Amino acid sequence: MAQTGTYHGGLVFLGNEDGVMDRFSRIVTATLEDYGHAVERQTLLNDHEARIMSSQYLVRLALESEGMDTSRVRRMDAAAGLNQRLHDSKERARNRLVISITPVSHLTDDRDVTELMLVVMLYRMVDLYTSELIEWLDPDVRLTIEQFLGAFANVSPRRVRGRQQLLNPDGARFAPIDDTAPDLANRYDRIMGQYAHQGETGLIELTDQEALALAFRSEPRPDQMDALSPEERAQTDIRRLASWGMTGCLAFVSAPVAASLAAVNLIKGEDFRLNTQVLSLTAALVFMQSSGAMSGVLALLPV
């Protein structure tokens, strides 16, 4: 590439000049659009010069023609009737196409992408006419067609996706989460240099203290909490608070019964119905004891 930031490409081919610049201009336009650069202007100045303007590139095409082969060897072979097929090909004019790609701004220019576009342009142009040489990035660097195709064997116009494929809204842009999540997790672990649970997979073994704390927990289990709605969670909290409130009231009525009920609440969890029944039964027994009704009932029993 020259110091001015222009990418040079050249093609020496055999053929007539009728419609040559129009065909080459269409190839340049199609290549730019395949890479997502909308062509704003395509100007055919004359039969030997054309310009294609996009949002990021200015492409100039110049065609130089050479005279036909009129050497002494050809004239002698023609007179003797020798090498007729070889000279028929040489009767066609030899032309040289110069491609100059100039980025609008060097700040947004990606050299690899620009060179790749130039390769695709030359690939597509080679198929039109019988080509002899390729000039790559410099007029002095000339490659034969075999050398050019061998150097860029992995790049061909068929491997370049069209703009409709690039902008297809119905295509799947991202893989499913279930397929990418394990790979992302493993990649994160490799970057951080550590693995969760020392790289072991499977069920987590709890210690005796963790198992005991889980068995005597007062809150619902995580799966139970996830199944409750916000309204149900609020009602559950109110019932738990009311259960402990009734336990506190029961302490003023009968301390031993209140202590037993508090132990049940801590071990098995707060049960609003049980607390209500215990409080009602204890209050009824205390009232009957204080009013003397309990002694009357006991007197009727055959003890």
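The values are calculated or read from the model by the stated rules, or taken from the named source; none is laboratory data. Fair warning: this is a prediction, and the values are worked out from it, not measured in the lab. Positions of Cβ are backbone-derived with ideal geometry, glycine not excepted, and every protein chain shown enters the neighbour counts. The area values use the complete protein model at the heavy-atom level, side chains included, leaving out ligands, DNA and RNA. Shrake-Rupley method; radii C 1.70, N 1.55, O 1.52, S 1.80 Å.
Annotations for the structure displayed:
- Candidates Val104, Val73: the one that is open to solvent by 50 Å² or more (accessible area, probe 1.4 Å), modelled with pLDDT under 90 and closer than 19 Å to Arg41 by Cα is Val104.
- Exactly one residue out of Leu133, Leu143, Leu122 is touching a Lys or Arg at 6+ places or on another chain (Cβ under 6 Å), hydrophobic (A, V, I, L, M, F, W, C) and within 20 Å of Asn95 (Cβ to Cβ), and it is Leu133.
- Taken over region 125-148, the residue count meeting the criterion of being part of a helix (DSSP H, G or I), farther than 15 Å from Leu63 by Cβ and touching a residue at least 24 places away in the same chain (Cβ under 8 Å) is 2.
- Considering (1) at pLDDT 90 or above; (2) in a helix (DSSP H, G or I); (3) out of contact with any helix residue (DSSP H, G or I) (no Cβ under 6 Å at 6 or more places or on another chain), the lone condition that Ile27 does not fulfil carries the number (3).
- Members of region 31-52 found to be open to solvent by 40 Å² or more (accessible area, probe 1.4 Å) and either of a type in the set (Asp, Glu) or within 18 Å of Leu122 (Cα to Cα) (or both), listed by number: Glu33, Tyr35, Glu40, Asp47, His48, Glu49, Arg51
- Close Cβ contacts (under 6 Å, 6 or more residues apart or on different chains) running from residues in region 253-272 that are under 21 Å from Thr236 (Cβ atoms) and open to solvent by less than 60 Å² (accessible area, probe 1.4 Å) to residues that are in a loop (DSSP other than H, G, I, E, B) and not aromatic (Phe, Trp, Tyr) comprise Gly269/Ser218.
- Of the residues making up region 249-281, those that are of a type in the set (Ser, Thr, Tyr) and either within 22 Å of Leu214 (Cα to Cα) or in a helix (DSSP H, G or I) (or both) are Ser260, Thr276, Ser280.
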